[in-house]
Amino acid sequence: MKTAVRKYLVAATLLASMKLYAADPGSIDVPAGNLVAALKSLAAQVDVELVYQAEQLKNLRTEGVKGTLSPQEAIGILLKGTDLQVQTSPSGAMVIAPALNRTSQSVGSD
């Protein structure tokens, strides 16, 4: 049991260090256009895992992004003007989804 815990801790530490490396600013050049294509381009450039439903994004466009930025900064710029938000999962994947409005969050909370 202790060996399994040690292996888990080592794996978690390695994964965390890999995700920190991926979050370092880097040179990014994603052209304006279709948002899904832009996200695919970004993921290839910075080696980050992006999770989204392409169907939800298929008609959206982006102004693109260029510069030395972290993946989080680049995604924020790509999503500017949309109702989408990004959240980082415990695994380090960046999940892109429509923002929940406060009204729908509070329904049934009484």
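Structure data summary
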read-out: For ALA22: the one exception among (1) of a type in the set (Gly, Ala, Ser); (2) in contact with a Pro (Cβ under 6 Å, 6 or more places away or on another chain); (3) at pLDDT below 95; value: (2)
read-out: Selection count where residues are at pLDDT 95 or above, part of a loop (DSSP other than H, G, I, E, B), farther than 17 Å from GLY26 by Cα and open to solvent by less than 20 Å² (accessible area, probe 1.4 Å), scope the range 37-95; value: 1
read-out: Enumeration of residues in the range 23-36 that are assigned to a strand (DSSP E or B), touching a residue at least 40 places away in the same chain (Cβ under 8 Å) and open to solvent by 30 Å² or more (accessible area, probe 1.4 Å); value: SER27
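The values are calculated or read from the model by the stated rules, or taken from the named source; none is laboratory data. The model shown is predicted, which means the values in this text are computed figures rather than measured ones. Note that we place each Cβ from the backbone using ideal geometry, even for glycine, and neighbour counts take in every protein chain shown. For accessibility, only protein heavy atoms count, side chains too; no ligands or nucleic acids. Shrake-Rupley method; radii C 1.70, N 1.55, O 1.52, S 1.80 Å.
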